[in-house]
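The values are calculated or read from the model by the stated rules, or taken from the named source; none is laboratory data. Please read all numbers here as calculations on a predicted model, not as lab measurements. Glycine gets a Cβ as well: all are built from the backbone with ideal geometry, and neighbour counts include every protein chain shown. We work out accessible area using only protein heavy atoms, side chains counted, and drop any ligands, DNA or RNA first. Shrake-Rupley method; radii C 1.70, N 1.55, O 1.52, S 1.80 Å.
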Amino acid sequence: MMDLRTDLALISEWIAEGSHVLDLGCGDGTLLAHLRDTRSVTGYGLEIDDDNIALCLQARVNVIHTDLNQGLSDFADDSFDYVVMTQAIQTIHHPDKLLMEMLRVGRQGIVTFPNVGHWHARVSLFFGGVMPTSRALPSEWYDTENIHLCTLRDFEKLCEELDIEVLQRAVVDKRHHSSWFMRLMPNLFGEIALYRLRSKPVKRIYPKK
Amino acid sequence: MPDILPPDSVGLVTPQTHKFSTPLALDCGRTLPSYELIYETYGTLNKNHSNAILICHALSSDHHAAGYYSMQDKKPGWWDTCIGPSKPIDTNRFFVVSLNNLGGCQGSTGPKSINPDTGKPYGPDFPIITVRDWVKSQARLGDVLGISQWAAVIGGSLGGMQALQWAIDYPKHLRHCVVIAAAPKLTAQNIAFNEVARQAILSDPEFHAGHYYQHDTVPRRGLMLARMLGHITYLSELGMRKKFGRELREGKINFGFDVEFQVESYLRYQGSSFVDRFDANTYLLMTKALDYFDPASEHNNNLSAALAKVLAQFLIISFTSDWRFSPSRSRQIVKALLYNTKNVSYAEIKAHEGHDAFLMPIPHYLRIFKSYMQQIEDE
């Protein structure tokens, strides 16, 4: 895979050799095919788009037609080493419930999303008075699939409420590059956020809310 | 009738018959001392015999899955949409075997055949055949053709159930299993439809307790009704609306019970043409095979346990408007395979054609099917 997106390349480094992985919203299967070829990873992709399902099959990636808004009830507890969701959480009806589901079926979760706390978004709302658009978020407010946008701080607050522990965090820009000022002020300069998560050791039965 | 054969057709085909003299012990406890299976093949078997694909047929189809018998044929085989050069089941790459199942009426031994013990047609005395019996007989056909491992076993509807049974009974003898518009067992509603179809046949005065051959007649009305009922369940409400609406044949209502609406005309035509090509006793048998199919029943009704030892890679396909075998039924198979961490892919195709969709040239369906088949290695 010559042109693996940087966020996917970063995720690949987070995933241990030989793991069993569930990829939510797996697209054309790039990540799973890459992990299979380079790290002997097995697993499944979940996808709802017809064209992407055909592309997954062409890449010999196991793909299951799934609407992520219906949850992950087809999967047993702790049946995966990692449950990955790249650039999809902002399109989900109940991101908090899906996060809990991810950490129910997987021992760890990996989530990436576009950061609305990025300075460009703040500037366009503050000075322009309009909902921000960017290369990471190209749609207008009325036709966007991104119904649950958040900033790094919002996301970490939710993790805290859900008793989810952040094991690792990284941010990259729209070209999926990273730099020292992003590391210094990730919520201001990171356009795409990456998180590796797990449930805090003592599992709560009910969410706090 | 094709003036010239389409370039993506397997062309003119001829069926072959093999006589099996080794007795076949059946699930019902009886044994068939000998039997014949009629089959067709398309494409060429490679040197290693590793590119063979078995097609399992549904309730009312047969071995003629693709191609034409003559240039006078009005229609090609029943799955010509999917079998042929460059089609999903690509005959440039694969050697395809399609047979008429035991108990059938198109050339394989069935109720119409002569019972060697009596010298008369079996009729209602033909043993009830199960999906597992079919798979066993298909495995023997594979032996005859020198195929020890199928590249894939593929079927739609009742055919998909046979493919699933193959993966359970002969795990090492297939590499891929494609199950389309099927279910792990029938629901009470499914069985109810089958029962009404059977009652239509059984209560026809011309049925003569299944011995209608000797009376030189057929239970025409019963079989026709059974088929009409079946057709309603193979289509979706939207599909019927799109196809017929409330269109009238003569453009006006006649205040009578003759055919008025196009949908009536369609059902009567389907029913009556079915009687000309199908045997009522076979129809009864096939519906029973459907009703009895339930591989989980031998594992405390646990489908995951039934599928624990399968080795094949699976492609499961369902259609959104199929209410006879709805997507949720396919998902039960998917879930049981996921539970066992088996290789499985699942596609739910948006289609308004109902259960019949698996026979239709729906572009997205064919693309998904082809994408999967192209990855099957033929070595």
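Relative to the longest principal axis of the Cα atoms of chain A, the long axis of helix A:95-105 lies at roughly 30 degrees.
Going from the chain on its own to the full set of protein chains, the range A:40-57 has these residues losing 50 Å² or more of accessible surface (heavy atoms, 1.4 Å probe, no ligands, DNA or RNA): A:Tyr44, A:Asp50, A:Leu57. Please label the shape of chain B as rounded, prolate or oblate, based on the square roots a ≥ b ≥ c of the eigenvalues of the alpha-carbon gyration tensor (a/c under 1.5 means rounded; beyond that, a/b larger than b/c means prolate, else oblate). It comes out rounded by the Cα gyration axes.
Solvent-accessible area assigned to carbon and sulfur over the range B:225-379 amounts to 52 percent, based on a 1.4 Å probe. Atom-type composition of the exposed protein surface of the range B:14-123 places 49 percent of the accessible area on carbon and sulfur (1.4 angstrom probe). Mind pulling the angle between the C-alpha long axis of helix A:152-161 and the longest principal axis of chain A? Nearest 10 degrees, somewhere in 0 to 90. That works out to roughly 50 degrees. Couplings for the range A:191-200, taken from phi via the Karplus curve 6.51 cos²θ - 1.76 cosθ + 1.60 with θ = phi - 60°, read 8, 10, 9, 10, 10, 10, 10, 8, 5, 5 Hz in order; Gly and Pro are left as x. Note on A:Arg107: accessible area approximately 120 square angstrom, rounded to 10, probe 1.4 Å, nucleic acids and ligands left out.
Counts of other chain beta carbons within 10 angstrom of each beta carbon in peptide B:333-342 average 3. In the context of the full set of protein chains, the protein assembly as shown has a per residue accessible area of 45 Å² (1.4 Å probe).
With 20 Å² as the minimum drop in accessible area between chain alone and full protein complex (1.4 Å probe), the qualifying residues in the range A:13-29 are A:His20. When the Cα positions of A:Ile92, A:Gln108, A:Thr133 are compared along the charge dipole of the range A:68-136, A:Thr133 comes out farthest toward the positive end, with charges on each C-beta of Lys, Arg, Asp and Glu. The heavy atoms of B:Ser328 offer some 70 square angstrom of accessible surface to a 1.4 angstrom probe. Panel note: contact residues of the range B:353-368 (accessible area lowered by at least 20 Å² against the chain on its own; 1.4 Å probe) correspond to B:His364, B:Arg367, B:Ile368.
For the protein assembly as shown, pairs of C-alpha atoms spaced more than 31 angstrom apart make up 56 percent of the total. With respect to chain A, whose longest principal axis is taken over its alpha-carbon atoms, helix A:30-39 is tilted by about 60°. Other residues within the sphere of radius under 10 Å centred on the Cβ of B:Glu250, judged by their own Cβ, net out at 0 (K and R +1, D and E -1).
Of the listed residues B:Tyr35, B:Tyr266, the order by accessible area with a 1.4 Å probe, largest first, is B:Tyr266, B:Tyr35. Among A:Val123, A:Val83, A:Val172, the largest mean-square fluctuation in a Gaussian network model of chain A, built with springs joining Cα atoms closer than 10 Å, belongs to A:Val123. The A-B contact accounts for roughly 1900 square angstrom of buried accessible surface, both chains included, probe 1.4 angstrom. Highest GNM mean-square fluctuation among A:Gly18, A:Gly129, A:Gly117, for chain A modelled with Cα contacts below 10 Å: A:Gly129. Farthest toward the positive end of the dipole of the protein assembly as shown, out of B:Ser137, A:Asn62, B:Tyr68, is the Cα of A:Asn62, where the dipole comes from beta carbon charges about the Cα centre. For the range A:20-88, just say rounded, prolate or oblate: build the C-alpha gyration tensor, square-root its eigenvalues into a ≥ b ≥ c, call rounded for a/c under 1.5, and beyond that prolate if a/b exceeds b/c, oblate if not. Cα axes put the range A:20-88 in the oblate bin. Each of A:Gly27, A:Ile11, A:Thr42 was placed along the dipole of the range A:1-69 (beta-carbon charges, centred on the mean Cα), and the one lying farthest toward the positive end is A:Thr42. Using a probe radius of 1.4 angstrom, the carbon and sulfur fraction of the accessible surface of chain A is 54%.
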